[in-house]
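Read the structure below first, then the notes.
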Amino acid sequence: MTAYLCRRMLYALPILLGINLLTFGLFFVVNSLDNMARMQLGERHVTQEAIEKWKHAHGYDLPLLWDATAAGTDKFTRTLFYRNSLGLFTFRFGRSDGGRDIGYDLRQRMFPSLAIALPVLLLELALATSLGLMVALLRGSYFDRWLTLGCVAAMSISSLFFIIAGQYLIAKLLRLTPISGYDDGFAAFKFLALPVLVQVAAGLGANVRWNRTVFLEEISKDYVRTAWAKGLTEKQVLWRHVLRNALLPLLTAIVVTLPSLFLGSLITESFFAVPGLGSYTIDAIQNQDFAIVRAMVFLGSCLYILGLMLTDISYAWADPRVRLAAS
Amino acid sequence: MKLALLTTDVALLGTLILVLLYFWSLRQHKLTSQRWRTVLKTPTGGSAAILLAMYVGVAGLDSLRFTAGGETFTALDKMLWSLRTQVETTYSAPLAAFGYAKETRYEAHGKVARDYPRLVYGGRHLRNPAQDRSRDLILRVARGGLLGVAGFCALLGLFKITRRCPHAPFWMPLAARRWRAQVMVIAALCVLGGVIGALAADYHLLGTDKVGSDVLYLTLKSIRTGLVLGVVSSLIALPLAVTLGISAGYLGGWVDDLVQYLYTTLSSIPGVLLIAAAALSLDLLMQQQASDFASLASRADTKLLALCLVLGLTGWTSLCRLLRAEALKLRTIEFVSAARALGGTQLQILFRHLLPNTFHLVIITTVLSFSDLVLAEAVLTYIDIGVDPSMESWGNMINGARLELAREPVVWWSLMAALCGMFGLVLAANLFADAVRDAFDPRLNNTLLAAPR
């Protein structure tokens, strides 16, 4: 197990390096730094002098990959790639183009994101699993057909609709919750209720449909036929055999999403003005703050890879047939 | 009048022609054409195909671009010329004859009156709008509905003539159970078209937006943007996914390692972030070259193309992974060994033997991802990395109308029109994708529902 994990960690390194190279290429090679400075300084006719000053102030006045003029290891370390991209490996995010400490911001904004994402995950799981099981129980009936059609319809609605409709109906007309905003501690509850509800509703269609497929696939397997042949009742077959086995793919599918919970939902957070990582990213995109976008891309990828590893572990933990071999 | 196609016009029309050619070439392939016929025969699949064809038709007309007298317009603009030119001053509700907000008006004798202004075009044929409007509307709906029914009957008659079945009554397709859903959808579309035509002639059927443009016109124009995004992005992603996926699976070795590394790296980055990073970067590049573009339209078009490029270059990984796995499976099957034994080259084996046998995966995945691309447009436009603000698109409509919900009375029509337009297209695409998967996936074959109960 330990050997397997070490191997996976080592595999992750070239991937993260590739991601770093990609974002580095996107932001520093495709666009010259002069362009970036000109955009940040905002004016159409910026002098070259001002550009150089901005670059120096933000530490962007270094060569890209290789400094031929420096001595020794400085040849490599006194470059943009080393300073800006490799620093991410040690989770040193540096300063944003606006001058703020990115690492501090990330730590602050992690919790509001979690406060939305965790309830969403749990509610979604409970609702989607029970609905999916219900549909599987009534498979082939009119209820099944209409609910499946309803799921497809719900999947076809833009997520923006759920947000706007929720804000309008619940917050503006019924005045049950505030339209947007955030507060610390337990006072956050009334601000979080609506975003959580909206996000659960938006994801329900796709999830119920997916769960239905998983359950139905499980039902058509041989051991279920055997269970029926033994004379077990429908309830026993569904709860004891189908649900327990189907939970494996369902649960492991969720583990992948666990780390990305920290990233929060971009659009929801931005609409409801929740100061989480999602709205942080969107603000950065809108202000064209490349340092933050780069940090978020790296963080998101790290979490994704971590999620994949967790999935493998949870497979091995939940399914005794799976063994994580070291070789 | 001269043809003046933009790049995305060429791409969209070219793809349409390619798709038509594909279906034309299917006449020789019994099995595949039979599968497509199964798609059309299922009630949902057939209805969705009809709806999709409508959308594609509108987008196709909107891509035939002409210039005449210094003005650029499309074939769709020409058909909807009155909608395009009848611009009010600001918001007006659907089917309204009066403006949305009170305005101050100075009359001849120095009197100042403050009330709702008459619209310049909406309901201008009415003498006394307050009294006559509802009667006029009902009459128009009835007239349009009748016209639609008549058109539908004409279609049925045409069907009878072309099918040469002299003894059957002309409503036979309606009575035949097999095609009932599809025929009903056509009937509904005919009636709806008649009603819309009758109402939109002298009213703003869906109201007007902030600068007074007709919302119905904007919604129809947005179809092209959505379709271009879905189609062109898939067009960019497909060759990448197919070539890399099949060759990785079949050739193995360092090719496989490289391709696997590429798609693992790309798919490790959360989708929106990668798209945002790439779009930001391209956006910055374009701003520097702003003076190189001949017109605003061509600049917006290039931006749309760049977005398609970004979505395409980031979206090929999932199909590639599937194709690699399938090619891995297929390379050990006898027909591949036979091809190799007969002296087939690598290229021949890859594209003559492996590709046709994985093509169902390509079709299923492409159709499935299409709806995601259309939905992504609205979200990306909201974060400012989507299409150009000057281009008609559902994302821009939603973005513009979002803040107007706070007004009193609420300006809901722009938002609803955009959401409904998008919903129709995505629903049709989703249902069609389901039907395609049911017909093409050899694993499924409806065994799922056949489980004992």
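The values are calculated or read from the model by the stated rules, or taken from the named source; none is laboratory data. None of these values were measured; they are calculated from a predicted model. All Cβ positions, even for glycine, are placed from backbone atoms using ideal geometry, and neighbour counts span all protein chains on display.
A few remarks follow.
- B:Phe370 among the aromatic types (Phe, Trp, Tyr), facing chain A (nearest Cβ under 8 Å), within 14 Å of the chain's Cα centre (by Cα) and part of a helix (DSSP H, G or I): no
- Residues that are of a type in the set (Gly, Ala, Ser), crowded, with 17+ Cβ neighbours inside 10 Å and under 24 Å from B:Leu373 (Cα atoms) were ranked within the stretch A:124-165; the one that is farthest from the other protein chains (Cβ to nearest Cβ) is A:Ala154.
- Long-range neighbours under 9 Å by Cβ, at least six apart or interchain, first residue on the phi < 0 side of the Ramachandran plot within the stretch B:59-78, second surrounded by fewer than 18 Cβ atoms within 10 Å (Cβ to Cβ) and of a type in the set (Ser, Thr, Tyr): B:Arg65/B:Thr72; B:Phe66/B:Thr72; B:Thr72/B:Ser295; B:Phe73/B:Thr67
- Any pair with Cβ under 6 angstrom, 6 or more apart, that starts in the stretch A:281-304 at a residue that is facing chain B (nearest Cβ under 8 Å) and touching a residue at least 60 places away in the same chain (Cβ under 8 Å) and ends at one that is surrounded by 24 or more Cβ atoms within 10 Å (Cβ to Cβ) and of a type outside the set (A, V, I, L, M, F, W, C): A:Arg294/A:Thr23; A:Val297/A:Thr23
- Residue ID - nearest to A:Val224 (Cα to Cα), chosen from residues in the stretch A:112-122 that are of a type outside the set (Val, Ile, Thr) and buried (at least 17 other Cβ atoms within 10 Å of the Cβ): A:Leu121
- Residue within the stretch A:238-247 that is crowded, with 19+ Cβ neighbours inside 10 Å, away from chain B (no Cβ under 12 Å), of a type in the set (A, V, I, L, M) and in contact with a Phe, Trp or Tyr (Cβ under 7 Å, 6 or more places away or on another chain) present: yes
- Every test in (1) within 14 Å of chain A (Cβ to nearest Cβ); (2) not in a helix (DSSP H, G or I) is passed by B:Asp388 save one, and that test is (1).
- Here is the figure for the stretch B:261-296: residues that are more than 30 Å from B:Val367 (Cβ to Cβ), more than 8 Å from chain A (Cβ to nearest Cβ) and of a type outside the set (D, E, K, R) total 8.
- Hey, A:Ser180 over 13 Å from A:Ser270 (Cα atoms) and hydroxyl-bearing (Ser, Thr, Tyr) or not: no
- Of all residue pairs spaced 6 or more apart or on separate chains, those with beta-carbon atoms under 7 Å, a first member in the stretch B:140-165 that is more than 11 Å from B:Gly193 (Cα to Cα) and a second member that is aromatic (Phe, Trp, Tyr) are B:Leu156/B:Phe170; B:Leu156/B:Trp171; B:Gly157/B:Phe170; B:Lys160/B:Phe170.
- Residues located in the stretch A:217-237, provided they are surrounded by fewer than 21 Cβ atoms within 10 Å (Cβ to Cβ) and in contact (Cβ under 8 Å) with a residue 40 or more places away in the chain: A:Glu234
- Any hit, the stretch B:174-183, residues being touching a residue at least 60 places away in the same chain (Cβ under 8 Å), of a type in the set (A, V, I, L, M, F, W, C), assigned to a helix (DSSP H, G or I) and closer than 30 Å to B:Val19 by Cα: yes
- Helices (runs of 4 or more DSSP H) completely within the stretch A:215-312 that count 2 or more residues being over 30 Å from A:Arg7 (Cα atoms): A:222-230, A:266-271, A:277-287
- Of the listed requirements (1) in a helix (DSSP H, G or I); (2) within 30 Å of B:Gly197 (Cα to Cα), B:Ser234 misses just one: (2).
- Top-ranked residue of the stretch B:82-117 - restricted to ones that are in contact (Cβ under 8 Å) with a residue 12 or more places away in the chain and among the hydrophobic types (A, V, I, L, M, F, W, C), ranked as surrounded by the fewest Cβ atoms within 10 Å (Cβ to Cβ): B:Ala101
- Against the criterion of being under 19 Å from B:Tyr217 (Cα atoms), buried (at least 19 other Cβ atoms within 10 Å of the Cβ) and within 11 Å of chain A (Cβ to nearest Cβ), B:Leu415 qualifies.
- Of the residues screened, B:Ile223 is not one that is within 14 Å of chain A (Cβ to nearest Cβ) and part of a helix (DSSP H, G or I).
- Cβ pairs under 6 Å, 6+ apart, first in the stretch B:15-43 and over 23 Å from B:Ala181 (Cα atoms), second at pLDDT below 90 and among the β-branched types (Val, Ile, Thr): B:Leu26/B:Thr32
- Taking the numbered list (1) modelled with pLDDT of 85 or more; (2) in contact with a helix residue (DSSP H, G or I) (Cβ under 9 Å, 6 or more places away or on another chain); (3) not aliphatic (A, V, I, L, M) in turn, A:Thr252 passes all entries but (1).
- Of B:Thr332, B:Thr365, B:Thr314, all but one fail to be more than 11 Å from every other protein chain (Cβ to nearest Cβ), of a type in the set (Val, Ile, Thr) and either closer than 30 Å to A:Asp289 by Cβ or surrounded by fewer than 18 Cβ atoms within 10 Å (Cβ to Cβ) (or both); the exception is B:Thr332.
- Any hit, the stretch A:291-312, residues being at negative phi, surrounded by 17 or more Cβ atoms within 10 Å (Cβ to Cβ) and in contact with an Asp or Glu (Cβ under 7 Å, 6 or more places away or on another chain): yes
- Cβ separations smaller than 9 Å between residues 6+ apart or across chains give the following pairs from the stretch B:238-257 residues that are buried (at least 23 other Cβ atoms within 10 Å of the Cβ) to residues that are acidic (Asp, Glu): B:Gly245/B:Glu326; B:Ile246/B:Glu326; B:Ala248/B:Asp256; B:Ala248/B:Asp257; B:Gly249/B:Asp256; B:Gly249/B:Glu326.
- Filtered residues of the stretch B:391-411 (kept if out of contact with any helix residue (DSSP H, G or I) (no Cβ under 7 Å at 6 or more places or on another chain) and within 10 Å of chain A (Cβ to nearest Cβ)): B:Ala406, B:Val410
- Count of residues meeting criterion [in a helix (DSSP H, G or I) and among the charged types (D, E, K, R)] in the stretch A:158-203: 2
- When residues of the stretch B:248-260 are limited to those that are part of a helix (DSSP H, G or I) and over 30 Å from A:Phe298 (Cβ atoms), the one nearest to the other protein chains (Cβ to nearest Cβ): B:Gly253
- Sole residue being modelled with pLDDT of 75 or more, more than 14 Å from A:Pro275 (Cα to Cα) and among the polar types (S, T, N, Q), chosen from A:Ser85, A:Ser96, A:Ser113: A:Ser96
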